[in-house]
Amino acid sequence: MISLDKIVKNYYIGSITVEALRSVDIKIKRNEYVAIMGPSGSGKSTLMNLVGALDTPTSGAYILNGTDVSKMDDNRLAEIRNQEIGFIFQTFNLLPRYTALENVMLPLIYAGVPKSERAEKAKTTLADVGLADRMDHKPNELSGGQRQRVAVARALVNDPSIILADEPTGNLDSKTSVDIMKLFGQIHARGNTIILVTHEESIARYAHRIIWLLDGEIDKIEINKNPEK
C-alpha cells in the first residue's frame, strides 16, 4: 500500500540546510498497524506530513496504492488526502462553534457527498465510536476522550484506507488513553491501515510493528509479537 523509497526531506533556512529525513525506506502493507517512534527532532512529524500528503519530499519516491504521490501538485494531493487518508491529531482540531455531528460532516462536504446523505453517515459513524448520545454537543461540552472520539469519527467518515494518528493520546489521561487505543484496535480489526506517530512507548506497544527514527534515519524496526489490546 505504502512504499517510501530513499526519501530525503530538507528544509532551507537562509544558507543553512536542515536534513529532516535522510534516505528513508519504509514499506507498509494494507491493514498493517504501525507505530513510528523517536525523540523530538528525529523526523517523526516530517515523515507523517509526507505520508499524509501534506508535504512532498526533496527527493525519493512515495508510492501510495501504485501512484507516485511525490510528483503530484497541491490540488491532486488534496484529493488524495480526502479520499485515502483520515487524520487524527493530538489537539483534536475540532471547530468550536460546530456540534460533534457538524464536525464529522465536514469531510463529506469537501468530498461532495449530497446533503441528504451527510447527516446519516455522520450519525452512523459517531454511533460506531460510542457517541450516539453526544451528537448535538459542541467540543467545550465534551470531555477530552469524547472530543478525540469525535476526531476519530471525522477521520473515519469518508471510509479512508489509511488512518494517520499524530500523538492521539498526548492530551489525554492514562485511562482515557487506553480507551482510545482500544478503539484504534477495533478500527484496525475492520480492515483499516493504521500509522501511529508517538513518543510514548506504552502507546506504540499497541502496534504490530514499531519503526524507530533517530536524526532523520531509521534506527531500528521492531516486530511486536504481543501487542497491547
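Go through (1) farther than 24 Å from residue 150 by Cα; (2) modelled with pLDDT of 95 or more for residue 17 and report which single condition fails.
The one condition residue 17 does not meet is (2).
Among the numbered conditions (1) polar (S, T, N, Q); (2) in contact (Cβ under 8 Å) with a residue 60 or more places away in the chain; (3) exposed (fewer than 14 other Cβ atoms within 10 Å of the Cβ), tell me where residue 45 comes up short.
Residue 45 satisfies all of (1) polar (S, T, N, Q); (2) in contact (Cβ under 8 Å) with a residue 60 or more places away in the chain; (3) exposed (fewer than 14 other Cβ atoms within 10 Å of the Cβ) except (3).
Looking only at segment 122-141, which residues are within 29 Å of residue 35 (Cα to Cα), assigned to a helix (DSSP H, G or I) and touching a Leu at 6+ places or on another chain (Cβ under 8 Å)?
Selection gives 122, 125, 126, 128, 139.
Checking the conditions here, which among 187, 211 is assigned to a helix (DSSP H, G or I), among the hydrophobic types (A, V, I, L, M, F, W, C) and within 22 Å of residue 54 (Cβ to Cβ)?
Of the residues listed, the single one that is assigned to a helix (DSSP H, G or I), among the hydrophobic types (A, V, I, L, M, F, W, C) and within 22 Å of residue 54 (Cβ to Cβ) is 187.
Only one residue in 111, 153 is aliphatic (A, V, I, L, M) and over 24 Å from residue 198 (Cα atoms). Which one?
Numbers: 153 fails: over 24 Å from residue 198 (Cα atoms).
Just a single option satisfies the conditions, and that option is 111.
Hey, any hits in segment 142-155 for a residue that's surrounded by fewer than 16 Cβ atoms within 10 Å (Cβ to Cβ), outside any helix (DSSP H, G or I) and at pLDDT 90 or above?
Within segment 142-155, one or more residues are surrounded by fewer than 16 Cβ atoms within 10 Å (Cβ to Cβ), outside any helix (DSSP H, G or I) and at pLDDT 90 or above.
Going through 104, 18 one at a time, which residue ends up being crowded, with 20+ Cβ neighbours inside 10 Å and either within 15 Å of the chain's Cα centre (by Cα) or over 16 Å from residue 166 (Cβ atoms) (or both)?
From the options 104, 18, the qualifying one is 104.
Taking segment 69-114 as the region of interest, how many residues are within 16 Å of residue 125 (Cβ to Cβ), among the acidic types (Asp, Glu) and touching a residue at least 60 places away in the same chain (Cβ under 8 Å)?
Total satisfying the criteria: 0.
The values are calculated or read from the model by the stated rules, or taken from the named source; none is laboratory data. In this text, all values refer to a predicted model and were calculated from it rather than measured experimentally. Note: ideal-geometry Cβ built from the backbone for every residue, glycine included; neighbour counts use all protein chains shown.
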